[in-house]
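Trainee: Quick one: the structure is below, and I'll ask about it shortly.
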Protein chains: 2
Amino acid sequence: MNKKSLLLAASLTVALPALSVPAFAKETLIEAGMKDDIAWDIVEGMTTEVGQRQGGTEAEARARGWSVAKLKSLGLTNARIEEFQMPTWVRGEETGYVTAPFPHKLHISALGNSGSTGDAGLEAEVVYFKTIEALRAAPDGSLTGKIAFVSHAMQRTQDGSSYGAFGPARFVGPNIAAKKGAAAIVIRSAGTDYHRNPHTGNTNFEAGVMPIPAGAVSIPDAENLERIFERGKPVKMKLVLTPQNIGMQTSGNVIADIKGSNSKLPIIVIACHLDSWDLATGAIDDAAGCGIITAAALKVEKPKRTIRLLWAGAEEVGIWGGKDYGEKHANEAHALAMESDFGAGKIWAVDFTLPASAKPLRDSIVSALAPLGIVPRPGPAGGGADIGAIIAAQKLGIIDLQQDGTKYFDLHHTPDDTLDKIDKAELRQNVAAWAATLSLVANYDGELKPEPKP
Amino acid sequence: MNKKSLLLAASLTVALPALSVPAFAKETLIEAGMKDDIAWDIVEGMTTEVGQRQGGTEAEARARGWSVAKLKSLGLTNARIEEFQMPTWVRGEETGYVTAPFPHKLHISALGNSGSTGDAGLEAEVVYFKTIEALRAAPDGSLTGKIAFVSHAMQRTQDGSSYGAFGPARFVGPNIAAKKGAAAIVIRSAGTDYHRNPHTGNTNFEAGVMPIPAGAVSIPDAENLERIFERGKPVKMKLVLTPQNIGMQTSGNVIADIKGSNSKLPIIVIACHLDSWDLATGAIDDAAGCGIITAAALKVEKPKRTIRLLWAGAEEVGIWGGKDYGEKHANEAHALAMESDFGAGKIWAVDFTLPASAKPLRDSIVSALAPLGIVPRPGPAGGGADIGAIIAAQKLGIIDLQQDGTKYFDLHHTPDDTLDKIDKAELRQNVAAWAATLSLVANYDGELKPEPKP
């Protein structure tokens with residue numbers, strides 16, 4: 001945190017106007033959050049008793065059953081499942097080797113929606129692209145029958161902005177390579193760690209473009225490949241990636257409400273996602289989010305507005321749960337949405353998309369969060385994947401409690417996303433910040449939707 | 001480093017007697033070591049152009065060819081291979097799943113000398129032992145048909161002593177479990193990291209004990225298993241481990257000499273090992289050691305004693321190279337042995353096994369190393385695996401330059417032992433300390449062998 005931010009935070013703590021909700025709430029809730037055991041209990045249980053829970057699979061169905069039972073055991077007797085159907089892709093065998101000029105085994109995982117090499121695999125010459133821009137610049141047809149290898153320079157950032165900058169190697173690289181005739185594509189994992197962990201994640205092919213096999217290698221493997229290319233000899237690779245599309249399958253959202261005392265007030269929806277990638281137990285992505293929002297909501301006593309918990313299904317594989325929620329609840333009046341889906345690191349900033357009339361609420365939240373070291377930022381809040389559809393449908397207010405993502409992309413979508421990565425104290429700081437914020441917003445009876453854009 | 005050690009180091013720097021070798025050597029060599037590029041070049045080349053090089057395999061043969069060419073390119077024109085035969089075990093398929101009460105995929109690798117489950121695998125109830133002592137205490141026959149799971153509490157230590165304390169889960173656990181009738185054994189990896197990396201390594205079965213399948217799971221997997229056991233329900237596991245013994249194969253040592261000016265003086269042998277485990281490129285274990293000893297030896301100009309480089313073969317899988325060297329060179333006069341095989345961390349301590357008459361040499365070395373932050377320890381030097389046979393045969397003097405092993409067991413025998421883990425500045429500090437020490441010892445013409453033990 002810089003000095004200016006510190007001074008700003010200090011001045012806000014002292015100078016802000018009186019709250020429109022009882023002043024006792026924030027301190028009590030922050031204390032309660034900092035002692036919370038519920039979030040850890042949810043994360044520990046979900047990772048241990050369910051484990052991986054990829055969207056559309058039997059494991060995710062087990063996770064829904066586990067979740068409803070857990071929420072009911074926490075007193076949320078209205079916990080329920082809303083099922084939906086979605087096209088489902090599942091991983092098969094995955095091996096990779098550099099076969100020339102030096103033999104090396106690769107640690108590789110297929111990207112979601114990858115094509116298959118077939119059981120016999122594919123061996124071909126590899127063409128190296130230092131960046132996604134270099135791949136874009138390759139002449140059409142220049143990759144025919146070859147494997148494209150795309151690297152990048154993603155580094156750790158507190159706000160995760162490096163994912164936006166370097167993620168396109170995964171998001172669109174395979175589609176670009178396929179259109180240029182490549183037989184397959186291998187990317188340097190969109191990550192920031194130095195372990196032999198590939199980072200999976202969805203990629204998308206345009207309609208009419210046949211999916212090619214697309215995999216991510218671990219960063220040590222990628223850097224070894226770069227050193228091999230420095231030797232200037234032709235590089236060959238053998239890949240076996242045999243994922244399959246298994247058609248429409250059942251997924252679902254788990255939903256529970258903390259009923260508000262004034263049923264006429266539009267509701268607050270708070271989201272995490274229940275599904276994980278299949279390579280790990282999804283502790284930070286996103287069992288932590290479900291733990292945080294639930295523990296926090298349970299600490300808000302008798303809110304005026306209903307707080308709805310949305311543990312969304314099938315986020316990783318296409319945000320199917322968020323879209324389904326947006327459609328099924330389009331006619332139910334919502335006021336504001338929040339989401340926790342960026343790990344379990346400490347919250348360091350808060351962003352708002354609120355109407356001008358809600359300045360007293362915004363100021364109250366800033367004041368309540370200042371003792372936790374959380375600073376307000378000037379820009380609007382962006383929301384999150386699973387609340388995107390309902391926000392768009394109803395033009396909702398948004399509050400983002402921004403987590404420190406410095407280490408998030410060390411773990412994101414890797415086999416390393418396991419319970420041991422979560423710091424209990426940081427998890428509790430999240431619960432405290434969420435509880436204080438929710439208490440203020442759920443007891444605010446003014447307008448929460450921002451002014452329409454001109 | 002504690003305060004007492006700091007004072008001790010300071011007093012030694014000031015108070016020690018004059019050197020028996022030219023005083024210019026140490027500072028010049030330390031400067032040269034701190035600018036060294038040779039060690040990095042060797043590690044970078046071996047990990048990139050060879051990669052994994054398990055003892056007894058074709059990959060190790062390629063590594064020997066690469067090594068002789070590299071040593072010759074560095075001016076060591078007498079670089080040569082001494083082949084030997086050894087029994088060879090190779091990894092097969094390896095998968096593991098918890099099948100009850102909650103399904104989980106395990107990250108597992110077979111231990112060297114593990115038996116095979118056969119292609120169909122093995123599914124059985126799992127019995128949990130918190131420590132190797134608890135396994136020892138299990139009644140004979142109590143494990144019949146079951147899988148033993150042995151955990152432990154290994155933590156990071158600077159001197160690596162935790163490996164001695166907790167390594168027996170791997171070293172002897174499988175033999176104990178086999179004798180008690182277990183169908184297989186799974187251990188918590190003998191390591192200190194929290195990544196989904198199993199730590200392989202050899203285990204040994206007594207003559208007459210049929211090897212059972214024996215694997216190590218990653219530490220996140222082991223802790224998940226412990227949490228599953230806390231639920232109190234029966235735990236089942238399915239293992240497929242299909243390693244094979246492929247009989248006697250060729251391995252070999254790579255040897256090169258820096259000729260001394262006085263051929264009547266017994267030689268100094270300095271060792272690393274050329275082979276690695278198969279899961280990674282063996283950067284810290286032990287390409288780094290080969291880089292360090294070679295770069296250092298090349299900096300010693302015109303030594304009186306011959307300095308012999310021993311890049312030993314097949315260390316990981318049974319110290320075959322060290323034994324072969326001890327046998328083949330039993331009649332050649334050696335004076336002292338040193339080894340680098342504990343990674344690439346900074347050297348923090350020096351140990352000696354020397355005769356009392358060599359006190360001036362010892363003091364000179366301590367004085368030379370003090371500016372690098374290296375402290376002398378009171379105990380004798382222990383040597384290392386590959387110099388063990390020649391030390392035992394000829395009762396040699398020994399100097400150990402002790403590396404900081406705090407993070408060594410994060411990487412040891414895992415897929416993560418790759419080039420990116422090496423800090424160039426720390427590697428250079430090793431070269432500097434080795435060059436200064438070698439210069440002093442190789443120009444010392446007094447007795448180096450310790451007095452016979454009473």
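Trainee: Go through the stretch B:85-133 and give me each residue that's within 13 Å of B:Ala177 (Cβ to Cβ) and more than 28 Å from the chain's Cα centre (by Cα).
Mentor: B:Ala124, B:Val126, B:Val127, B:Tyr128
Trainee: Could you list, ordered by first residue, the pairs with Cβ atoms under 8 Å in which the first is in the stretch A:215-234 and more than 8 Å from every other protein chain (Cβ to nearest Cβ) and the second is assigned to a helix (DSSP H, G or I), at least 6 apart or interchain?
Mentor: A:Ala216/A:Arg170; A:Val217/A:Leu225
Trainee: Could I ask something else about it? Need the failing condition index for B:Lys105 against (1) buried (at least 19 other Cβ atoms within 10 Å of the Cβ); (2) under 30 Å from B:Arg227 (Cβ atoms), just the number.
Mentor: (1)
Trainee: Here is a follow-up. Determine which single condition B:Ile268 fails, assuming it passes every other condition in (1) in contact with a Pro (Cβ under 9 Å, 6 or more places away or on another chain); (2) not in a strand (DSSP E or B).
Mentor: Result: B:Ile268 fails condition (2) only.
Trainee: Scan the stretch B:155-203 for residues that are within 14 Å of another protein chain (Cβ to nearest Cβ) and closer than 18 Å to B:Ala214 by Cβ and jot them down.
Mentor: B:Arg188, B:Ser189, B:Gly191, B:Asn197, B:Pro198, B:His199, B:Thr200
Trainee: Take the conditions outside any helix (DSSP H, G or I), modelled with pLDDT of 95 or more and over 24 Å from the mean Cα position of the chain (by Cα) and apply them to B:Leu76. Does it pass?
Mentor: In short, yes.
Trainee: Just to be sure before I move on: is B:Val127 over 17 Å from B:Glu94 (Cα atoms), assigned to a strand (DSSP E or B) and either touching a residue at least 60 places away in the same chain (Cβ under 8 Å) or away from every other protein chain (no Cβ under 14 Å) (or both) in the structure I sent?
Mentor: Details: over 17 Å from B:Glu94 (Cα atoms): yes; assigned to a strand (DSSP E or B): yes; either touching a residue at least 60 places away in the same chain (Cβ under 8 Å) or away from every other protein chain (no Cβ under 14 Å) (or both): yes.
Yes: the conditions hold for B:Val127.
Trainee: Only one residue in B:Leu29, B:Leu71, B:Leu19 is outside any loop (DSSP other than H, G, I, E, B) and modelled with pLDDT under 95. Which one?
Mentor: The unique qualifying residue is B:Leu29.
Trainee: Next up: Take B:Gly345 and tell me if it is in a loop (DSSP other than H, G, I, E, B), at pLDDT below 95 and more than 24 Å from B:Met86 (Cα to Cα).
Mentor: no
Trainee: Next question, about the same structure. Taking interchain pairs and intrachain pairs at least six residues apart, which have beta carbon atoms under 6 angstrom, with the first residue in the stretch A:394-423 and more than 14 Å from chain B (Cβ to nearest Cβ) and the second modelled with pLDDT of 95 or more and assigned to a helix (DSSP H, G or I)?
Mentor: Here the result reads A:Leu401/A:Ala433, each pair linking the stretch A:394-423 to a residue that is modelled with pLDDT of 95 or more and assigned to a helix (DSSP H, G or I).
Trainee: One residue is enough: does the stretch A:188-195 have a residue meeting the conditions buried (at least 18 other Cβ atoms within 10 Å of the Cβ), out of contact with any Cys (no Cβ under 9 Å at 6 or more places or on another chain), acidic (Asp, Glu) and in contact (Cβ under 8 Å) with a residue 12 or more places away in the chain?
Mentor: The answer is yes, given that some residue of the stretch A:188-195 is buried (at least 18 other Cβ atoms within 10 Å of the Cβ), out of contact with any Cys (no Cβ under 9 Å at 6 or more places or on another chain), acidic (Asp, Glu) and in contact (Cβ under 8 Å) with a residue 12 or more places away in the chain.
Trainee: If B:Asp140 passes every condition in (1) within 14 Å of another protein chain (Cβ to nearest Cβ); (2) over 21 Å from the mean Cα position of the chain (by Cα) but one, which one does it miss?
Mentor: Of (1) within 14 Å of another protein chain (Cβ to nearest Cβ); (2) over 21 Å from the mean Cα position of the chain (by Cα), only one is false for B:Asp140: (1).
Trainee: OK, next. Would you confirm, using the coordinates I've provided, whether A:Ser357 is surrounded by 24 or more Cβ atoms within 10 Å (Cβ to Cβ) and among the small types (Gly, Ala, Ser)? Let's see the steps before the verdict.
Mentor: Values: surrounded by 24 or more Cβ atoms within 10 Å (Cβ to Cβ): no; among the small types (Gly, Ala, Ser): yes.
Here the answer is no, as A:Ser357 does not meet what is asked.
Trainee: In this structure, is A:Ala358 more than 30 Å from A:Trp320 (Cβ to Cβ) and either away from chain B (no Cβ under 14 Å) or over 22 Å from the mean Cα position of the chain (by Cα) (or both)?
Mentor: When the stated conditions are applied, A:Ala358 passes them.
Trainee: Further, regarding this structure: Which members of the stretch B:381-393 meet the condition of being surrounded by fewer than 24 Cβ atoms within 10 Å (Cβ to Cβ), in contact (Cβ under 8 Å) with a residue 60 or more places away in the chain and within 27 Å of B:Thr192 (Cβ to Cβ)?
Mentor: Passing the criteria: B:Ala385, B:Gly388.
Trainee: Which pairs turn up if I take residues in the stretch B:62-79 that are not assigned by TED's automatic domain parsing to the domain that holds B:Ala295 and look for partners that are buried (at least 20 other Cβ atoms within 10 Å of the Cβ) with beta carbon separation below 6 Å, at least 6 apart in sequence or on another chain?
Mentor: So the pair list comes out empty.
Trainee: Name the residue that is nearest to the other protein chains (Cβ to nearest Cβ), counting only residues in the stretch A:32-61 that are hydroxyl-bearing (Ser, Thr, Tyr) and either free of Cβ contacts under 8 Å to residues at least 60 places away in the same chain or in a helix (DSSP H, G or I) (or both).
Mentor: Here the answer is A:Thr48.
Trainee: Filter the stretch A:270-305 down to the residues that are under 13 Å from A:Ala337 (Cβ atoms) and touching a Gly at 6+ places or on another chain (Cβ under 7 Å) and list them by number.
Mentor: A:Ala271, A:Cys272, A:Arg305
The values are calculated or read from the model by the stated rules, or taken from the named source; none is laboratory data. Predicted model only: the values in this text are computed from it and were never measured. Every residue, glycine among them, receives a Cβ derived from its backbone with ideal geometry; neighbour counts consider all protein chains shown.
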